[in-house]
Structure formats: structure tokens, C-alpha cells
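Written out below as C-alpha cells is the structure these notes cover.
Where a number appears in this text, it was derived from the coordinates with a stated rule and is not lab data. Not measured: the values here are computed from a predicted model. Here the Cβ positions follow ideal geometry from the backbone for every residue, glycine too, while neighbour counts run over all protein chains shown.
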Amino acid sequence: MAIQRLIALDVLRGLTIALMIMVNTPGSWSYVYPPLLHAKWHGCTPTDLVFPFFLFIVGVSMFYSFKKFDKGISVTSFKKVIKRTLIIFLLGLFLNLFPKFDFENVRILGVLQRIAIVYGLTALLCLQFNVKVLKYVFVSILLGYWGLLYFGNPIDSFAETGNLVQQLDFAILGENHMYKGLGFTFDPEGLLSSLPSIATVLLGYFVGNIIENSKNTLNTVKSLVVYGVILTVIGLVWGTVFPINKSLWTSTYVLYTGGLALLFLALLLWVIDVKGVRKWTRPFIHFGINPLFIYMFSGLYVQIIIYLIKIKGDNGETISGYGYLYNHIFVPIAGNMNGSLLFAITHIIFFWFLTYILYKRKIFIKI
């Protein structure tokens, strides 16, 4: 029963990957529609749902992967978790280094590194403790993180600069190895903010348990809707004193985005399994089957056409392959704003075609 219903999970993963490509690959960052940008600091846009949705999905998948390990952490399970954690972390570090390999200024953390750290820590928790204990861990993380941020800077706990997340990253990583894309030095995948990210994965793990123990799909949908609404509302209400913030990965952000993830999964389960409407799901299943591959490939592809492919323009200037595609192909077709959007959509189709080939050849790249 659970295996069939996990089609919805593959579709949710595929939808998340497709949205990730769209928000990561605009033709120009100067021309992006607001919903496809991250919130500048506090708040949550559709783009801010991508990463927590993916971690939520990791948690659901983790529940099914770990069902066979029911006697706590063993040597075998520990080695498996550590190996996977290290491989994912090193892949992320390689993406940050490529193609310049500037070790003195490389950003140490990033999306894959966050996934690795959070996967490793959450996996060990889930292997060792039952769901009841994990719920206490979940609540303790959310409340404890709130306290840590507040007492780390009681004057302005959640400001862009001076918060505890930034302070610790400065002390441990050093300014040269942190993200600077926000307009100031702050790593949105920082070390301390990995703590509440564990709670996001745990939410997915709890949902896996709900799915496994439900009598039928309709009961699952009803449960997910109820819990989804409750979590979303708590996140919004608590957010009045503890702002919803992706960069800090605040506890309210965990609850708000987690609640929405439950609602989206419930909707997919209802459409796909209760109503049996499945034909539209194929492209997203293709995306969802090889998520790590497509993330790595898309990242390397962008780096290559920006830094390694240079083309001479009509007036003799040299521009990147990325800039050439946007300015000479997509802008003439649709203008700046829509050309930038069309650039992203075209790349979704291009990357989907690659995942389709892998799917047809039964090539599933897993770690």
C-alpha cells in the first residue's frame, strides 16, 4: 500500500527539482519575477519552499529506508550513514570549487553540504530513537533554537547582521569561506541553522510513519490536511514574535513550510491515488528518480557555460555562453523579463530530457 502511494512522493520531489531549476537558472538575475526570488530576509516566497520541501522529502524517504534497521545504530548502518554524508558533502564542496578551485576563498557550506550534515545527524537520531522520542527531540530543537538566537543577541536577535548564526560561522569558517550573495557576509546554509533543518527532515519522517500506519489513502490525506493546517497556522502565529526566515531557518519557517509540504503531499495523494489522475505525473517522476544527478549536472552545466565557454558578440566583445544564450536567443524572442523566464523554462525541459533518457535506460544514480 505504502509503496504505491509513494508515487506522490516522487512527483513532489520532481516538482521541487523543476522549481529549483527555474529559480536557479534565470536568463538574467536583473529580470526575475518576484515569486521566483528568495525573500530578502524575513518572509517566504514560493522560491523559499524549494529547499525545505526537499529536506521534508528526504525525511519521508528516510522512514522507509530505515524500517529494516529496528535495533538502534549498528556498525553497518553507522558506516552507511557516514559514507553517504561524506560523499554528498564533498560533492557540494566540489561544486563550490569548480572551475576555479580557489581554496583560499571557497565557500565551505552550501545546499548539498546542508543536505549532508542534516541527513547524517537526522539519520543517526532516527536509527537510535523511536517516533515518540523523536517528537520530543523535534519540539526541543524548535524551542531551543529560538532561545539560542534570542540569547545570542538579545538586542536584535533576528537582524541581518550580528545574529548568532553569523557569529558562529565567522568564528568557525571565517569570512572568506562564507556566502556573500545576500549583499553582506552571511551563509544561509550556516552551521547553527542546520539544527532546525533537522526538524524539517523529522517532519518528513513523521509523515512517513503516518502513511505507513494509515488504513487507506483517504485517511492519510485527511490526517495530512489536518496536521498541515495546524503547523502552518502555528508557524504564522509564532512568526509574529519569531519571524519566518529561510536564511536563519527559524523554527517558524520549519513549521510554516512543513505545514505547506504536508498539504501539497496530501493534494498529490488525493489527485494521484484517490482520483486516479496520473498521466500528467510522468515528467515529474523522471525528475524525482534522479534528483542528486540532476542537481549536480545543472550546477556544473551553469558553471561551465558561465566560466569556461566564451563567445564573441556582434560588436567584438567577449561574453559568457550563458550571457550569449540569454541576450542573443531568448531576449529577441520574448524580451528581457519573459526572455529570462523562457530561458529557465527551456532549461527545465532540457534537464528533463536527460532524466527521461536515464529513466528509459533504467539508470538510477543513488548513493
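Given R₀ = 25 Å, what would the calculated FRET efficiency be for residue 79 paired with residue 133, taking r from the Cβ atoms and rounding to 0.05?
Working: r = 23 Å, r/R0 = 0.93.
It comes to 0.60.
Normalise the Cα radius of gyration of the stretch 203-337 by 2.2 N^0.38 Å (N = residues in it) and let me know the number.
Details: Rg = 21.9 Å, N = 135, 2.2 N^0.38 = 14.2 Å.
My calculation over the Cα atoms of the stretch 203-337 gives 1.54.
For the stretch 266-327, state the average projected area of the convex hull of the C-alpha atoms over all orientations, rounded to one decimal in nm². Can you show the working numbers first?
Values: hull surface 25.4 nm².
If you wrap the Cα atoms of the stretch 266-327 in a convex hull and average its projections, you get 6.3 nm².
Per Stokes-Einstein, at 37 °C and 0.692 mPa s, what whole-number D in µm² s⁻¹ belongs to the stretch 76-171, with the Kirkwood radius over Cα pairs as the hydrodynamic radius? Mind dumping the intermediate values first?
Values: Rh = 15.8 Å.
Calculated translational D: 208 µm²/s.
Positive end of the dipole of the chain, charges at C-beta (+1 Lys, Arg; -1 Asp, Glu), about the Cα centre: which of 20, 316, 131 has its Cα farthest in that direction?
131
Could you give me the ³J(HN,Hα) list for the stretch 239-248, computed from phi with Karplus coefficients 6.51, -1.76, 1.60 and θ = phi - 60°, whole Hz, x at Gly and Pro?
Going residue by residue, I get x, 6, 10, 10, x, 5, 8, 5, 4, 7 Hz, with x marking Gly and Pro.
Out of all Cα-Cα pairs in the stretch 2-360, roughly what percent, to the nearest whole number, are more than 28 Å apart?
Values: 29912 of 64261 pairs.
More than 28 Å apart: 47 percent of the Cα pairs in the stretch 2-360.
For residue 345 and residue 155, what is the calculated FRET efficiency with R₀ set at 41 Å and r taken between the beta-carbons, to the nearest 0.05? Each step should come with its number before you reach the end.
On the way: r = 45 Å, r/R0 = 1.10.
About 0.35, to the nearest 0.05.
Hey, rough spin-label estimate for residue 362 and residue 315, points 7 angstrom out along Cα→Cβ, what's it come to in nanometres?
So the label points at residue 362 and residue 315 sit 5.6 nm apart.
Under a point spin-label approximation (7 Å from Cα along Cα-to-Cβ), what is the residue 306-residue 40 distance to one decimal in nm?
Going from the residue 306 label point to the residue 40 one covers 2.2 nm.
Students often forget the sequence filter, so: which aspartates and glutamates lie under 14 Å Cα-Cα from residue 40 once same-chain residues fewer than 8 apart are removed?
Partners found: 48, 160, 187.
In percent, what relative contact order does the chain have, based on Cα pairs under 8 Å that are 6 or more apart in sequence? Before the final figure, lay out the partial values.
On the way: 521 pairs, mean separation 97.5, N = 367.
With pairs under 8 Å counted, the relative contact order is 27 percent.
Could you list, in their original order, any pairs among 71/135; 79/246; 67/366; 132/366 whose Cα atoms are separated by more than 22 Å? All intermediate terms of the calculation are to be shown ahead of the outcome.
Values: 71/135 19 Å; 79/246 31 Å; 67/366 18 Å; 132/366 30 Å.
Over 22 Å apart, Cα to Cα: 79/246; 132/366.
Can you return the aspartates and glutamates within cross-link range of residue 362? Criterion is Cα-Cα under 17 Å, with same-chain partners fewer than 8 residues away left out.
Answer for residue 362, where 17 Å is the Cα cut-off: 10, listed by chain and number.
Each residue of the stretch 216-224 in turn: what ³J(HN,Hα) in whole Hz from Karplus with 6.51, -1.76, 1.60 and θ = phi - 60°, glycine and Pro shown as x?
Going residue by residue, I get 7, 5, 5, 5, 4, 4, 4, 4, 5 Hz, with x marking Gly and Pro.
Given Cβ point charges of +1 (Lys, Arg) and -1 (Asp, Glu) and nothing else, what value in debye, to the nearest 20, does the dipole of the chain about its Cα centre take? Before the final figure, lay out each step's value.
Numbers: 29 positive and 15 negative charges, 348 e Å.
The dipole of the chain has a size of about 1680 debye.
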